[in-house]
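K.L.:
The structure's right below; bear with me while I get my questions together.
Values in this text are rule-based calculations from the coordinates and carry no lab data. Treat the numbers as computed from the prediction; the structure is a model and nothing was measured. Every residue, glycine among them, receives a Cβ derived from its backbone with ideal geometry; neighbour counts consider all protein chains shown.
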Amino acid sequence: MELKGKYLIPAPKEKVWKELNNPDTLKKAIKGCETLDKVSDTEFIAKVKAKIGPVSAIFSGSVSLTDINPPDSYIISGQGKGGAAGFAKGNIKIVLSEDIDKNKTNLVYSGNAQVGGKLAQVGSRLIGGVIKNTADDFFKTFNDNIIITDNNKIYNETVIDEIDRKKPSIPYWLWITSLILIIGIILAVFT
């Protein structure tokens, strides 16, 4: 089954890249994600509770990143097993490009997936619809989290600026921390 999609993310490309590689961000954005651990810079493992039509199971899976070209692209290869529910595996290429509005990023993904077991019996039409809905849910949550993070950063910077005016001896940039929050949809698809 072929997979492809395009999303506009309301953040600069470098931030999107950083967040797409952050297990905490991905865990928050993947529906039903119970665990998501970064094994190395290029490997993740996860456990996701998912329902596809009449098939419901907890899927355990692994994902590896190859052909990494920060902050522009990489290939995600993954596989997941859900016991009697079956398995899924596949490869997805993620490409990020700067939008005309430099504070937004275009994300394009394409690849393929294979399913087996009870999942294969459900039918490719149903699975394709579930994958599309899962991708849409992931990116809606991912985008919402980036917007909330940015709004909190703006609020925190405003508060820090006010504190700095009161205490000019301490520069505001000492108090700002970076917020960290990628692979989710693919993990949800493959697990």
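K.L.:
Which pairs, out of Lys38/Lys89; Lys27/Lys118; Lys27/Lys102; Lys102/Lys132; Lys38/Lys102, put more than 24 Å between their alpha-carbon atoms?
P.N.:
Lys27/Lys118; Lys27/Lys102; Lys102/Lys132; Lys38/Lys102, as the Cα separations exceed 24 Å there.
K.L.:
Hey, can you grab everything whose amide H is under 5 Å from the amide H of Leu3? Only 5+ residues off in sequence or another chain; H modelled, so Pro and N-termini drop out.
P.N.:
Correct list: Gly111, Asn112, Ala113.
K.L.:
I'd like to compare 94-104, 22-32, 5-15: which one has the highest average count of other Cβ atoms within 10 Å, and what's the full order after that?
P.N.:
22-32, 5-15, 94-104
K.L.:
Evaluate the distance, in nm, between pseudo-label points positioned 7 Å from the Cα of Val95 and of Lys49 along their respective Cα→Cβ axes.
P.N.:
3.8 nm
K.L.:
With a Förster radius of 45 Å, plug the Cβ-Cβ distance of Asn69 and Gln121 into 1/(1 + (r/R0)^6) and report the FRET value to the nearest 0.05.
P.N.:
Rounded to the nearest 0.05, the efficiency is 0.75.
K.L.:
If you plug each phi of the range 70-82 into the Karplus form 6.51 cos²θ - 1.76 cosθ + 1.60 with θ = phi - 60°, what whole-Hz ³J(HN,Hα) values come out, in order, with x for Gly and Pro?
P.N.:
Result, ordered by residue: x, x, 9, 6, 6, 10, 9, 10, x, 8, x, 10, x Hz.
K.L.:
I want to make sure I understand the PRE zone here: with the label point 7 angstrom from the Cα of Thr141 toward its beta carbon, which residues in the range 76-105 have backbone N atoms less than 11 Å away?
P.N.:
The answer is none, because no backbone nitrogen lies closer than 11 Å to the label point.
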